[in-house]
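The block underneath contains the structure these notes are about, expressed in structure tokens.
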Number of protein chains: 2
Amino acid sequence: MATFPSRPTIRDVGRIAKVSPGTVSRALRGRPGVSDETRIRVEKVARQIGYQASRAARALPAGKTHFIGYHIASDPFNASMATLLHAMVQAASRADFEMLLFSSKPGQSTLDASVEVLQRGVDGFVLSYLRPDDPRIGLFESRDIEYVAFGHLPRGARGSWVDSAGAAGIARAVHHVAELGHQRVGFVGWPEGQWVTGDIRYRGYVEAVTELGLADDPALVVRVGGYAPEEGRRAFHQIVAARPTAVVAVSDNLAIGVMHAAEDLGLGVGTDLAVVGYDDIPAASDVRPSLTTLRQPVQTIGTRLVEVLLRRLDNPGSEPEGVEIQPELVIRSSTVPASPVVPTQI
Amino acid sequence: MATFPSRPTIRDVGRIAKVSPGTVSRALRGRPGVSDETRIRVEKVARQIGYQASRAARALPAGKTHFIGYHIASDPFNASMATLLHAMVQAASRADFEMLLFSSKPGQSTLDASVEVLQRGVDGFVLSYLRPDDPRIGLFESRDIEYVAFGHLPRGARGSWVDSAGAAGIARAVHHVAELGHQRVGFVGWPEGQWVTGDIRYRGYVEAVTELGLADDPALVVRVGGYAPEEGRRAFHQIVAARPTAVVAVSDNLAIGVMHAAEDLGLGVGTDLAVVGYDDIPAASDVRPSLTTLRQPVQTIGTRLVEVLLRRLDNPGSEPEGVEIQPELVIRSSTVPASPVVPTQI
DNA sequence: TTGTACGCGTTATCAA
DNA sequence: TTGATAACGCGTACAA
């Protein structure tokens, strides 16, 4: 690569390839109206001098920034973030897009932060942590901004989304422990109406319990607002009086908290109490007993999110897509046949 | 906020505030030559109509993109990534900068990926996973590109960096287990010369062992190339013949692997074998026994990284800064007084 | 203290 | 198939 004193521009390419800047642009962007011969020559020169179009200069006339915005939350328990982001960045780069990270300034709403980034220029958004009444949806839909959500959309939203099949997944978990002989299956979830995805997972629990004729006791259900294992621990203490012999949680972190609570109470996880998580974060295989869980293929999800978004960006009129990915039940040591004995009381 | 049909531009602000676009720019960017009265009026109008300068239009004439590039690696075991990125994004946004994520395309080197984003336009880089002979350093220094590294720099590099005090931290861990009575302390590290930070941590181990007069047996030291607990597990199997009663690892994930190996061998962690990790990832408090570890304040590190970089971006002539942050030894259940009994043999 | 005019690197339009 | 030219929205000299 010839070393240039400063960044080579489209004019440099043009001068060397003996064509006008306009032709260089057409050739490199794959637009029609360029002879194959010229296109090849231009591409070769561009490669040789290491030409890369300036983002800014490209965005200005075209009105397209080639940026995808992602609002990053402060969630220290999200162990899969690195994987998700990496997958998104990879998928984006394949289509010549880049991921722009932003977050809310202290006291600023996610909505306002999104508006700010939007005004500065992004072509679309990937949304996480979506609430049922999330104002971002209204904003984007009213302004025709493309978005795709990680997680099912609330009723009424007409956008694209990618999610693991939460209802089916949780139902699968309930079936699994039921097959092991458990009758009283607890559920540790998030507050109703907090996350769309959380509500769906709860639905899977209810459906499975009903279908299987398991104990349908409201005292077996508990909801927590956060993500930390500690919340799962407190949660289990709240339902232990209802004598669950198995617990299904909406996340691995909460499930690990349940395991800690069992330890507090002298209950043996796997023996006295079966526990199932959701996500399959690395810690799920690190804890002892290792945690049975529903594996969410985060990498695939990240890739699909971006692919779906880019497809809509390419043809704005197209139908929104919803992609559901079946989570895989990974059976480990936290679920073994139910103990015939009633668990120890506190 | 008045709703604009499309993005409000600097002209819109000017028209409403009854000043020229030039004055709007000067007022909003805090440049001299604007009366306080005018500046306040302009700022008010800008706020009212929700004006945000277009990134592209701003970058073009100024030659400054207000982007910080970060090469995101695919490391599923990096549980702190979300926290680090969030801290960096926050710190950047305070100074009106944004974080741009990029990664290497399949088969592409980190260097080439960096050159690509650089040509497209970024003002500086935050570097992770830095190797002693990392070619990025030469590139950036020869082209006067500002960068700051998460981790100590290799000898000869003259850039800024932020790191936890790895040598002091590991030494602190060795002192801790020595105080508990351990004489044969193993070390699970990365291959020499692989990561600058890894070599420094090893130095802390050697120094402490020497200073304390502990067993200085090469068979107590083992290095692994990866990050997965499984690597730590294999590592411990390799050094168990040297009869360590304590092990210090360069990461929590490796330490957790050591705990698994102890389980394989029927050794009780905390009783037969003391284990210390590094990082304090969430899983460190999830495993049982909970893991004693050196807490790396990732959030602080992320903030400082960006602050240090921005300071150099502001005054390019300034001296590079090196910031060392003391890790905190968090004592948990994996380190208890040494057992008087020789550990079980395989 | 403020306004005007130019240019940044690219893409789109229109003419050749 | 190609070249010339006019934006795109902003920052900044320079002029007023």
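The values are calculated or read from the model by the stated rules, or taken from the named source; none is laboratory data. This one's a predicted model, so the numbers in the text were calculated from it and none came from an experiment. Every residue, glycine as well, gets a Cβ built from its backbone with ideal geometry; the counts of neighbours run over all protein chains shown.
At a glance:
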item: Segment B:232-242, residues that are surrounded by 23 or more Cβ atoms within 10 Å (Cβ to Cβ) and more than 15 Å from B:Val185 (Cβ to Cβ); result: B:Gly232
item: Residue among A:Thr292, A:Thr245, A:Thr303 that is polar (S, T, N, Q), surrounded by 18 or more Cβ atoms within 10 Å (Cβ to Cβ) and in the same structural domain as A:Val126 (by TED's automatic domain parsing); result: A:Thr303
item: Residue in segment A:64-82 that is over 30 Å from B:Gln299 (Cβ atoms), touching a Lys or Arg at 6+ places or on another chain (Cβ under 7 Å) and within 12 Å of DNA strand D (Cβ to nearest atom) present; result: no
item: Residues that are modelled with pLDDT of 95 or more, more than 7 Å from chain A (Cβ to nearest Cβ) and under 27 Å from A:Ala57 (Cα atoms), drawn from segment B:59-91; result: B:His66, B:Phe67, B:Ile68, B:Gly69, B:Tyr70, B:His71, B:Met88, B:Ala91
item: Residues (closer than 19 Å to A:Lys64 by Cβ and within 8 Å of DNA strand C (Cβ to nearest atom)) located in segment A:20-35; result: A:Pro21, A:Gly22, A:Val24, A:Ser25, A:Arg26, A:Leu28, A:Arg29, A:Arg31
item: Segment A:72-92: number of residues that are more than 20 Å from B:Ala91 (Cβ to Cβ) and of a type in the set (S, T, N, Q); result: 3
item: Residue under evaluation B:Met99, criteria (1) among the hydrophobic types (A, V, I, L, M, F, W, C); (2) under 14 Å from the mean Cα position of the chain (by Cα); (3) within 12 Å of chain A (Cβ to nearest Cβ); (4) crowded, with 22+ Cβ neighbours inside 10 Å, criterion not met; result: (2)
item: Residue check, A:Val323 β-branched (Val, Ile, Thr) and crowded, with 23+ Cβ neighbours inside 10 Å; result: no
item: B:Ala59 being within 14 Å of DNA strand C (Cβ to nearest atom) and touching a His at 6+ places or on another chain (Cβ under 8 Å); result: yes
item: Those residues of segment B:36-56 which are within 37 Å of the chain's Cα centre (by Cα) and within 13 Å of DNA strand C (Cβ to nearest atom), in sequence order; result: B:Glu43, B:Ala53, B:Ser54, B:Arg55, B:Ala56
item: Members of segment A:62-85 found to be away from DNA strand C (no atom under 16 Å from the Cβ) and without any contact (Cβ under 8 Å) to a residue 24 or more places away in the chain, listed by number; result: A:Pro76, A:Met81, A:Ala82
item: Of all residues making up segment A:7-18, the number that are more than 8 Å from DNA strand D (Cβ to nearest atom) and either assigned to a helix (DSSP H, G or I) or in the same structural domain as A:Glu98 (by TED's automatic domain parsing) (or both); result: 7
item: A:Thr9 being within 12 Å of chain B (Cβ to nearest Cβ) and either near DNA strand C (Cβ under 8 Å from one of its atoms) or of a type in the set (Lys, Arg) (or both); result: yes
item: Options A:Arg55, A:Arg15, A:Arg26, A:Arg94; residue that is within 11 Å of chain B (Cβ to nearest Cβ) and surrounded by fewer than 19 Cβ atoms within 10 Å (Cβ to Cβ); result: A:Arg94
item: A:Pro32 within 8 Å of DNA strand D (Cβ to nearest atom), more than 16 Å from B:Glu116 (Cα to Cα) and more than 10 Å from every other protein chain (Cβ to nearest Cβ); result: yes
